[in-house]
Structures are given as C-alpha cells and as structure tokens.
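Right, one structure below, let's go through it.
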Amino acid sequence: MVGPDGRECKLILVLNCGSSSLKYEVVRMPHRQSLGKGLVERIGEEQGLLEQKSGEKKLVIEQKISDHKQAFELVIRALTDNDEGLVSSIDQIAGIGHRVVHGGDKYASSVTIDEDVVAAIEEFIELAPLHNPPNLTGIRVAREIFKGVPQVAVFDTAFHQTMPPQAYLYGIPRKFYEDFKIRRYGFHGTSHRFVSGRAMNICHRHPSNTNLISCHLGNGASITAIAHGKSIDTSMGFTPLEGLIMGTRSGDIDPAIIAYLIDRGYSTKELMNILNKKSGLLGLSGISNDLRDLESEAEKGNQLAKEALNSYAYRVRKYIGAYAANLVKLDMLVFTGGIGQNGWKMRERICRRLENVGIFMDFRLNKEKGSREGIVSEAYSPVTVVVVPTNEELQIAIDVYELAFGGDEEFRRRESDVIVGFEE
Ligand code: ADP
C-alpha cells in the first residue's frame, strides 16, 4: 500500500479492550498519522453504542451489542462504511496492536502474540483481575477475525521492567515476593515511554546522556524516573493504587490504616472501593475528582478545594525530590495526561517550590503554552520542563511497525529522533 506522499505504508489497528468497551484507532505508518478512532461502549447491555470520528466525519451506531465478537463485527462495519469509513477494505489492516495492562515480570518490551504470549497474559490475570481478562478476550476475538494479520501485545508494565530490585522490592518478608510475586510493577509504561522519547526529540537529546522525570497526571496518575531511556523507578506499585494522589485513588497511605479500619467494621471490599473510587481529589475535597471543578472552586475561595489541590501538588513534588536524588543528575521534567498537559495552574503549583533541585519554570510561558506541546522553563534552568501530549495509541502503532515490519529506518537515522524502550 502506498501513502499520500508516495511512500510505502502500513495501516495499523490499535485496540484497547475493556470489560464493556472497545477503543480503536487506525494509524498509518511510518507516517504516524491517525486516520480516525472509535469507541464501542456498553457491550453486553440492553443498548450498545459505537461512535467513530475521522476529522469532521462522525459515525454513530446504536444497537444491542451482545459480546466482544459482535463489537468487533460492528467495528469492521464502521471501519469500512461507504461514507464515513476509515479504510476501503478490511484487508488494508496490515497489523494489530493490543494494549495489555499486565505483562508481569516476563515482558520488558512489546511482543508479537503467539500461543505462549496468550498463556502468559492468562497467567497474569491473578495480578490484574479486572484488566487482563477483557484484554485477552480482545486478543482472542481479533486473532479469530483477522487471521494471518500480525498482532502485537503492548504492556502497561513492560517499560518498568528495567527497575532494579532496590526500587521494585517492598520492605516485607521476601517470601511474599517469591510465593506471590508481590513487588512493584508500575503502570502507564506506554505513556511514560512515549512522552520521554518525544521530550528528548523536542530538546534534541539522546537517551544515552539524559536523565528525566515524567509525570503522567490524568485521572490515574504516576511519576517515573528515567535514566538513559530506561525506567529506574515509578510511583504505581503492585497495583495502580500506590503513589500520587489521583482523581479518586488515595495513592500512598500508611498500610496500618487498613487494619485499623477493618477493626472498626469496614470490609476489605468496602475499603478497596473507598481507596480506589472515593479518595484522592474527590475524597479530600468532597466536591469532585475533576481538576477543572476544583480550580474554579478554589478561585472562589473554597478552602477544601484549595487543600486538595495543595496536597496533590505536594505529593508530586515529594516524588520529584525523591527521584531527583536517585537520578543524581536531572536534565528534564516532563508533564503529560489530562492534568499534566492542560492544567497549567497545577504545573505552576508543583514547580513553584522546586528551584532547589534546579527546576526554574517560566511561569508566563507555562500559562501561555496552556495545553500545547513545548518547553515551559526558563532558558537558564538546569532542568528543562516540557509539556508533551501523550499518545499511547501512536506508541502502540510504532511498536507494531517495529516488530512486524522492521520499523522506520529513515526516522531512526535522523539524529534527533529516538525510540525509547527497544534494545539498541
Ligand atoms: P484518564 O486517566 O481517565 O485518561 P485524563 O488523562 O483524561 O484521565 O485526565 C483527566 C483529568 O484532566 C481531569 O482531572 C480533568 O479535570 C483534567 N483536565 C482535562 N482537561 C483540562 C483542562 N483544559 N484544564 C485543566 N484540567 C483538565
């Protein structure tokens, strides 16, 4: 297949399969160009919904969608729709990339899916009981429908497999690690990998001489220390509950609080629900998990909103300090995710007290930049602060292109372009 510029190209279908949803995007490689994306929701419910967008074009299908197989059939119908479709024939899809949440300690990078990979994802269901099962369903159905098309699994955990034992071991008896695989795994790996690579491109730096900290601040939030293109520590742990204060997740708390509350009549299930869904910005403020709501309340003088925002920023700062100490030298600080990319006030709140680690934000530039990609630090700042919109789907497409079609030589040759997460 030939792209609009006459270059040979491949269309990659990127899939993210949840328990009742299916997100997809078609990316033209090596052009790194999205042809459009879609979302199927309420699979298994009375009334299902598919919405697909491509530039100005929009397609909506409302009907009952009994299971994931039917969801895939609907996606194919939408992709090949005469008026609003993204491809003229489904045979144009040359490769498929699946987002998979947990690759355990087995996968340190993306991998072409075969029976062994399917078995490993199944094995790691015990580590990610909510996410790996639907991911696996997506893989099974896609392999059935797209026979012969190379399919790649891209794990949220893979990028963090380079962490040394001192970062991934918890200070609990070793037998819990040996018997139950309890250790830090880390998540959001695909996003940290994408934005760190992109930030290095923007700053014309190479991984071999770059240390950076990337902050993925969305509804879920995590922060990662990256040395020479490799994750050396990250704030999410055995599960995504650890680390930063998030939209509705608590992040770090004293583990003894759980025993204390169990003694006072709370069940484990209730507590897990509270810590995952009713804590964080929502729990602290009692107002909302949405940064925009809290910023506007704080502006009106709401004390609880102010405290929630300050606690959020304080926790991010604390991690930046800890990671700066462990990186020895820090070159860049990267912000991404809904809050990191758009919340310029939160970026300012975080960076206001970081001059002692060499982070001098240009507050005027930070505000002006808003949600756009680019540098937001002073020219004299030893640490360059960069805003990068994340694009996990593109990173997945890049991985599929690398593994199934050998990647983009021309792109790789350009001096300032780096691909993080693959062995050189
Ligand atoms: P998820 O983890 O669900 O992918 P997102 O990365 O979309 O979440 O981030 C959601 C968060 O981003 C919300 O707290 C939301 O308030 C915040 N956000 C989105 N847009 C803006 C904006 N323009 N200004 C400030 N915050 C924003």
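No lab work stands behind these numbers, since they all come straight from the coordinates. Since this is a predicted model, take the numbers as computed values, not measurements. Quick reminder, even Gly has a Cβ in these numbers, built from the backbone with ideal geometry, and neighbours come from all protein chains shown.
Hey, can you grab everything whose amide H is under 5 Å from the amide H of Val386? Only 5+ residues off in sequence or another chain; H modelled, so Pro and N-termini drop out.
The list, which skips near neighbours in sequence, is Leu333, Val334, Phe335, Val376.
Pop the C-beta distance of Glu355 and Ala119 into the FRET formula with R0 = 45 Å and round what comes out to the nearest 0.05.
0.30
Cα-Cα pairs above 24 Å in region 198-331: how many percent?
Summing the P(r) tail past 24 Å for region 198-331 gives 41 percent.
Which of Asp67, Asp290 comes first, and how do the rest follow, when ranked by fewest Cβ neighbours within 10 Å?
Lowest count first: Asp67, Asp290.
Can you give the relative contact order of region 286-367 as a percent, counting alpha carbon pairs under 8 Å and 6+ residues apart?
RCO, region 286-367: 24 percent.
Which helices count as membrane-span-like in the chain under these terms: full DSSP H, at least 24 Å along the axis by C-alpha, Kyte-Doolittle mean of 1.6 or more?
Passing helices, by number: none.
In nm, give the distance between the simple-model label positions of Arg364 and Thr80, each being 7 Å from the Cα along the Cα-to-Cβ direction.
Between Arg364 and Thr80, the label points sit 5.8 nm apart.
Roughly how many Å is it from the Cα centre of region 130-163 to that of region 1-49, as a whole number?
15 Å
Which value at 222 nm does the chain reach when only helices count, each DSSP H run of 4 or more adding -39,500 (n - 2.57), with the total divided by all residues and rounded to the nearest 500 deg cm²/dmol?
On the way: 16 runs with 158 residues, N = 424.
About -11000 deg cm²/dmol.
Whose amide H sits under 5 Å from the amide H of Ser34, counting only residues 5 or more places off or on another chain, with H placed in the peptide plane?
Distant-sequence amide H within range of Ser34: Arg28.
For Leu304 and Asp105 in one chain, what is 0.36 nm times their gap in residues minus the Cα-Cα distance, to one decimal in nm?
On the way: separation 199, 0.36 × 199 = 71.64 nm, distance 4.06 nm.
Contour length minus the Cα-Cα distance gives 67.6 nm.
Ordered by residue, what ³J(HN,Hα) values in Hz, to whole numbers, does region 380-387 give under the Karplus form 6.51 cos²θ - 1.76 cosθ + 1.60, where θ = phi - 60° and Gly and Pro are x?
8, 5, x, 9, 8, 9, 10, 9
Each label point is 7 Å from the Cα along the Cα-to-Cβ direction; what then is the distance between the points at Arg7 and His31, in nm?
1.0 nm
When all C-alpha to C-alpha distances in region 264-348 are sorted into bins of 5 Å, what percent of pairs does each bin hold, rounded to whole numbers?
For region 264-348, the pair-distance distribution reads 3, 13, 19, 20, 16, 13, 10, 5, 1, 0.
Calculate one ³J(HN,Hα) per residue across region 28-42 by plugging θ = phi - 60° into the Karplus curve 6.51 cos²θ - 1.76 cosθ + 1.60, and present them in order as whole Hz with x for glycine and proline.
For region 28-42, the Karplus curve yields 8, 10, x, 6, 6, 10, 7, 8, x, 9, x, 9, 9, 10, 6 Hz.
With the dipole of the chain worked out from charges on the C-beta (+1 for Lys and Arg, -1 for Asp and Glu) around the Cα centre, which of Ser66, Ser235, Gly283 lies farthest toward the positive end?
Towards the positive end, the residue furthest out is Gly283.
What is the gain in length, in nm to one decimal, between Leu271 and Ser208 on full extension, counting 0.36 nm per residue of separation less the C-alpha to C-alpha distance? Walk me through the numbers before you get to the answer.
Numbers: separation 63, 0.36 × 63 = 22.68 nm, distance 4.35 nm.
Extra length from Leu271 to Ser208 when fully extended: 18.3 nm.
Rule-of-thumb check for the chain: C-alpha Rg over 2.2 N^0.38 Å?
On the way: Rg = 21.8 Å, N = 424, 2.2 N^0.38 = 21.9 Å.
So the Cα radius of gyration is 0.99 times the expected 2.2 N^0.38 Å.
Summing +1 for each Lys or Arg and -1 for each Asp or Glu, what net charge is found among the other residues whose Cβ lies under 13 Å from the Cβ of Ile76? Write out the running numbers ahead of the final one.
Working: positive: Lys69, Arg77; negative: Glu73, Asp81, Asp91, Glu144.
Around Ile76, the surrounding residues sum to -2.
Could you give the distance between the Cα centres of region 93-118 and region 361-411, to the whole Å?
Between the Cα centre of region 93-118 and that of region 361-411, the gap is 24 Å.
Quick one: net charge around Lys277, please, counting Lys, Arg +1 and Asp, Glu -1 for every other residue with C-beta under 15 Å from its C-beta.
Taking every other residue near Lys277 into account, the sum is +1.
5 Å is the cut-off here: which amide hydrogens, built 1.01 Å from N in the peptide plane, fall below it relative to Ile65, excluding neighbours closer than 5 in sequence?
Gly44, Glu45, Gly48
What full-extension length gain, to one decimal in nm, is calculated for Val328 and Ala256 as 0.36 nm per residue of separation minus the Cα-Cα distance?
Working: separation 72, 0.36 × 72 = 25.92 nm, distance 3.24 nm.
Gain in length upon complete extension: 22.7 nm.
Distance from the Cα centre of region 268-309 to that of region 197-236, in angstrom?
Spelled out, the Cα-based centre of one part sits 27 Å from the other.
Among the DSSP beta bridges whose two residues both lie in region 1-111, what percent are antiparallel, rounded to the nearest 5? Mind showing how you got there, number by number?
Working: 28 of 33 bridges.
Around 85 percent of the beta bridges assigned by DSSP in region 1-111 are antiparallel ones.
What share of Cα pairs, in percent, lie more than 19 angstrom apart in region 245-401?
Details: 7607 of 12246 pairs.
Pairs farther apart than 19 Å: 62 percent.
Taking a 28 Å limit on the Cα-Cα distance, which of the listed pairs Lys23/Lys277; Lys23/Lys57; Lys230/Lys269 fall beyond it?
Pairs exceeding the cut-off: Lys230/Lys269.
So how far apart, in nm, are the two label points at Ser89 and Lys64 if each is 7 Å from Cα heading toward Cβ?
Distance between the two pseudo-spin positions: 3.5 nm.
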